[in-house]
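Engineer: Right, I'll just put the structure down here and ask away after.
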Amino acid sequence: MYQQIVNEIKQDYYHNNYPNDGQRFIAWYLRNIHNLDPIEAKDCITDGAGDKQIDAVYIDNQASIVYIIQGKFYSNETVNAEPLREVLSSWIQITDLTRLQEAANHKLKVKINELSNALEDDYEICFELITTAGLTPDAEKDLMAFQKALAENDILSANLILVDKETLVFKYNEAINRNRPYINHTFQLEDHKFMELNMDGTKAVIAALPLKECIKIPGIKDGNLFRKNVRQSLGNSNKVNKGIANTLKKNPSDFFFLHNGITAICSKLNIDGNTLYVKELNVVNGCQSLSTIFNCSESVRNADKGYIMFRFYEIEETEKADKISNCTNSQSAVKARDLRSNDKSVLLMKKAYEQCYTDGYFITKRGEFADPVKYNSNHIVNLTDLGKQLIAWHSQRPTISYSETKIFDKYFNQLFHKDYQPEKIQALNELYKAIIEKWTNDNPMDLNEALLAMKSYASYHHLYSISAIVNEVNKMAEGVPDPAKVLASLKTHQMLDSVVNMAGTCLTMAFDNASSDAIDNGRIFSPQNWIKAKGSLKDIRDTIKTYMGSLKMIPGGKTILGNLNNLKLETTDFEARWTAD
């Protein structure tokens, strides 16, 4: 793995953007494991003088997790506890963000601002120590002690995940979907606590397995047992894992009744008496549970009355095995967005949309797929995207578009109306598609690179900017334009592309002006915080007004203004902003 990374970080991207192999290794990890694009990865790097033992900060707004990353790119086989102490040092410093910011380098200062806001929104903190070596035995002991200290801290609890050379190989293989790892194992079952089944030609075994048998299963520590669980153990600070660990320590005899069980697939299984032989074992649902059991091994060894339910399936076909993996792993925590998929208002909107656009499909559930061969791809809309578009356009709050939780929980009733017209849904869909097609790495609109790094939510400020341009043309200080009327006018006068470009230009200008103003006044400018603050909306509106005013004084500007007059709407085409704050 080390040599492979050495070869890959020789690519032009890494050499042109990062001054040393340490930073290149972190960037490689962000791109290959966290699946960030080149611009997003570069934005996360904080390594350098004044990094305070923090090499990168990645804020995952969808999962509400802050990853604080420390990397050690070593050719040695093992490494001592020094990197762990650096992680512990960075954790201690994070408990006092004000003091940390005073001594940090500029990039880290910016990330501290963003981290502070994330903590206010109850984001989880996850420290990742990534290394191409393994830990020495003494360092392994320190790791367990540090994990416990971080998890049990009352001021700032956090997870500490070690991604050593073994785990790194697994994560990389999983990321590129390579062949399943080969783990063969023998389980000792107990009388009257298992049964064999044949389900339509598929062999299966359902067993109440002693908890102490679980800690003997290979592949838990390095993750090889969990092909489809790309996220390794979150440690005992995770709420669910805390509950599992508590039951294991205090009431192991109740564990069987309180736990949903483990799903495992294998290419071959055979029972001889009470002995179960399995070949090419993969646990496809139960990573957190088995990892927690493994971490509580001392308690589990003495749990003679503790059991867990296992479902073993003999699956030789790769396609069927992957289907089981996908289905069982999709049973993640139910979010507010999922609970709303069958809401009456949503179902009525779906029905109305699909009746209006008979070749279209309204996706309401996560993981649902609309076949582009069966449906017109231009008429496929998604509930999640629609929620973000509604709050950006009708509530005039793209500052909240990053948060699915707020959209589908706190503001759901303000956003989703059963009588919302299908034409407006389609208009928002088309406007946003026209925008996102230009948010690419080749950057045709010359957006600020920091904006591109926030593509998943800053693009909704772009949508907001179009509505603000329409308002400025119509001299409407208040009110929100009808998106269907706006789109119809843009298409009729062949102005969609030019207005999308103008809105992008004004967004970048507003961003650059805010950044310059902060620097000129000795303040730290945080791109993420600006995007999430209502002040950014005023900056955009002011920039649009200034930009349109300047058109009168430049060659060809009056022609552009004349074309913009085609966006004049009737007063009745505006409505009051939907409250969302």
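The values are calculated or read from the model by the stated rules, or taken from the named source; none is laboratory data. Since we're looking at a predicted model, the values are computed, not measured. Quick reminder, even Gly has a Cβ in these numbers, built from the backbone with ideal geometry, and neighbours come from all protein chains shown. Surface accessibility is based on the protein's heavy atoms, side chains included, excluding ligands, DNA and RNA. Shrake-Rupley method; radii C 1.70, N 1.55, O 1.52, S 1.80 Å.
Engineer: Which lysines have a Cα less than 16 Å from the Cα of Lys107, not counting those fewer than 8 places away in the same chain?
Structural biologist: Lys42, Lys52
Engineer: Any idea which of Gln23, Ala245, Gly48 is furthest toward the positive side of the dipole for the chain, if Lys and Arg beta-carbons carry +1 and Asp and Glu beta-carbons -1?
Structural biologist: Of the listed residues, the answer is Ala245.
Engineer: Test of understanding: express the Cα radius of gyration of region 489-561 as a ratio to 2.2 N^0.38 Å, with N the residue count.
Structural biologist: The reported ratio for this selection is 1.30.
Engineer: For the chain, build the convex hull from the C-alpha positions and give me its volume per residue in Å³.
Structural biologist: Hull volume over Cα atoms, normalised by residue count, gives 180 Å³.
Engineer: Shifting gears a bit: Which three extents, in whole angstrom, do the alpha-carbon atoms of region 359-489 cover along their principal axes, largest first?
Structural biologist: Its Cα atoms span 40, 37, 32 Å along the three principal axes.
Engineer: So how far, in whole Å, is the C-alpha centre of region 270-300 from the one of region 411-449?
Structural biologist: 46 Å
Engineer: In nm, give the distance between the simple-model label positions of Gln62 and Asn378, each being 7 Å from the Cα along the Cα-to-Cβ direction.
Structural biologist: Here the answer is 2.7 nm between the modelled labels.
Engineer: Over the Cα atoms of region 68-226, Rg to Rh with Kirkwood Rh, two decimal places?
Structural biologist: Reported Rg/Rh, Kirkwood definition of Rh: 1.09.
Engineer: Let me know the charge dipole size of the chain about its Cα centre in debye, to the nearest 20, where only the beta-carbon of Lys, Arg (+1) and Asp, Glu (-1) is charged.
Structural biologist: Dipole of the chain, to the nearest 20 debye: 860 debye.
Engineer: Now a separate question. Using only the heavy atoms of the protein chains and a 1.4 Å probe, how would Trp530, Trp393 rank by accessible area, largest first?
Structural biologist: Trp530, Trp393
Engineer: In the chain, what percentage of the DSSP-assigned beta bridges are antiparallel, given to the nearest 5?
Structural biologist: Percentage antiparallel, nearest 5: 60.
Engineer: Mind checking which lysines have their Cα closer than 23 Å to the Cα of Lys418? Skip sequence neighbours fewer than 8 apart in that chain.
Structural biologist: Leaving aside lysines fewer than 8 places away in the same chain, those within reach of Lys418 are Lys335, Lys344, Lys350, Lys351, Lys365, Lys388, Lys406, Lys410, Lys485.
Engineer: Rank these by accessible area, largest first, 1.4 Å probe: His394, His15.
Structural biologist: Descending order: His15, His394.
Engineer: On the Cα set of region 344-404, report Rg and Dmax in Å, please.
Structural biologist: Final numbers for Rg and Dmax: 12.5, 35 Å.
Engineer: How compact and how long is region 1-146, expressed as Rg and Dmax of its alpha-carbon atoms in Å?
Structural biologist: Here Rg and the maximum Cα pair distance are 15.1, 41 Å.
Engineer: Continuing with this model, one more query. Which of the aspartates and glutamates could a cross-linker bridge to Lys250, judged by Cα under 18 Å and excluding same-chain residues fewer than eight apart?
Structural biologist: Reachable aspartates and glutamates: Glu152, Glu298, Asp304.
Engineer: So, one more: Taking 8 Å as the Cα distance limit and 6 or more residues as the minimum spacing, I'd like the relative contact order of region 1-156 as a percentage.
Structural biologist: 25 percent.
Engineer: May I have the extent of the alpha carbons of region 435-553 along their three principal axes, as whole Å values ordered from largest to smallest?
Structural biologist: 46, 31, 29
Engineer: What accessible surface, in Å², does a 1.4 Å probe find on Lys249, ignoring ligands, DNA and RNA and rounding to the nearest 10?
Structural biologist: Accessible area, nearest 10 Å²: 120 Å².
Engineer: Run the quick spin-label model on Asp96 and Lys558: label points 7 Å from Cα toward the beta carbon, then report their separation in nm to one decimal.
Structural biologist: Computed distance between label sites Asp96 and Lys558 equals 6.5 nm.
Engineer: So which trypsin sites (Lys or Arg not before Pro) in region 375-474 pass both tests, a DSSP loop state and at most 15 other Cβ atoms within 10 Å of the Cβ?
Structural biologist: Lys418
Engineer: Could you please state how large a percent of the accessible area of the chain is carbon and sulfur, counting protein chains only and using a 1.4 Å probe?
Structural biologist: Carbon and sulfur together cover 47 percent of it.
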